[in-house]
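*Asks:* Encoded as structure tokens, here's the structure I'll be asking about.
Each reported figure results from applying straightforward, stated rules to the coordinates on display, with no laboratory input. Since we're looking at a predicted model, the values are computed, not measured. We place every Cβ from the backbone using ideal geometry, glycine too, and count neighbours over all the protein chains shown.
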Amino acid sequence: MTSEAKDTGKRRAAFRRGLSAEAIAAMFLRVKGYRILARRFRSGRGEIDLVARRGDTVAFVEVKARSTAEAAIEAVDARTRARIAAAANAWIARQPDDPAATYRFDVVLIVPGRLPVHLVNAFEGA
């Protein structure tokens, strides 16, 4: 097997793990009373794993699956936050006016053998 084939296999496995983590996070948020408005929302400026709403609050949710919670938190770096904020601005621009809505950025950490951890208002938008 060539190194290129191994890299492709690793990317596919990582993609599948990411999809699984997002499904777990979406289910977890639904149990907490959120309605999932979008999954894997993409704009030319970035991507948001989940857009969820509870009441008048819309949360742009980044899902991180790592071996430890600390590693998952560290993975939400400045570049990731900027990408999410840019995509959130694009998502908001495409929505009909909702003057009652408030927006925030959350993170859901997925760690093997543990319940998901929901960090509410984890960072400020750029």
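*Asks:* Taking the Cα centre of the chain as origin, work out the dipole magnitude from +1 charges on Lys and Arg Cβ and -1 charges on Asp and Glu Cβ, in debye rounded to 20.
*Replies:* It comes to approximately 460 debye.
*Asks:* Positive end of the charge dipole of the chain (Lys, Arg +1 and Asp, Glu -1 on Cβ, about the Cα centre): tell me which of 93, 18, 36 has its Cα farthest that way.
*Replies:* In the chain, that residue is 18.
*Asks:* For 51, 61, 111, what ranking results if the residue with the fewest other Cβ atoms within 10 Å of its Cβ goes first?
*Replies:* Fewest-to-most Cβ neighbours within 10 Å comes out as 111, 51, 61.
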